[in-house]
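J.: Following this message is one structure expressed as structure tokens.
The values are calculated or read from the model by the stated rules, or taken from the named source; none is laboratory data. In this text the structure is predicted, and so the values were computed from the model without any measurement. Note: accessible area is taken over every heavy atom of the protein model, side chains too, but ligands, DNA and RNA are not part of it. Shrake-Rupley method; radii C 1.70, N 1.55, O 1.52, S 1.80 Å.
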Amino acid sequence: GGYTLRTRKIMTNKLLHRLQMVIDVIHPELGGVSVEKLKERLAKTFKAKPEQIIIYGLQTAFGGSRSTGFALIYDNKDFLAKFEPKYRLRRLGLLPARIGSRKQKKELKNKRKKVRGKAKATVGVGKKKK
């Protein structure tokens, strides 16, 4: 579909149960290629499921038409969940997104400092609705 995908520096990482590689995408007519499309193409090439593939660090070269990044193909989904960093699992939707801003968390912490005992658990929960 208007782009070529090349892989290089392919390495089998037995300890982390995955295949690691650098991917080069050449896309002269397109602004960029979606990660989903790249996953599909890699899955076909390496006979894996797209949900076992992680693509990250994609950067377009100056002047466009070329992008490079990294791809990891895990042996199965369990290893992916075990070894991938939490932020990448959140991106995939495998972990829930964080709730509350940094400021909200700090404000709650400081409110909790002001009360004693069991009341700490109820601070910031909100009033019961009637």
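J.: Taking θ = phi - 60°, what integer Hz values does the Karplus form 6.51 cos²θ - 1.76 cosθ + 1.60 yield along region 90-99, in sequence order, with x for Gly and Pro?
T.: For region 90-99, the Karplus curve yields 5, 4, 6, x, 7, 10, x, 5, 5, 10 Hz.
J.: Same structure again: As an exercise, find the ratio Rg/Rh for region 1-120 from alpha-carbon atoms, using the Kirkwood inverse-distance average for Rh.
T.: Ratio of gyration radius to Kirkwood radius: 1.18.
J.: Follow-up question, since we're still on this one. With a 1.4 Å probe and all protein chains left in place, how much accessible area per residue does the chain have, in Å²?
T.: Per-residue value: 77 Å².
J.: OK, next. In whole percent, how big is the carbon plus sulfur part of the accessible area of the chain, probe 1.4 Å, protein atoms only?
T.: 55
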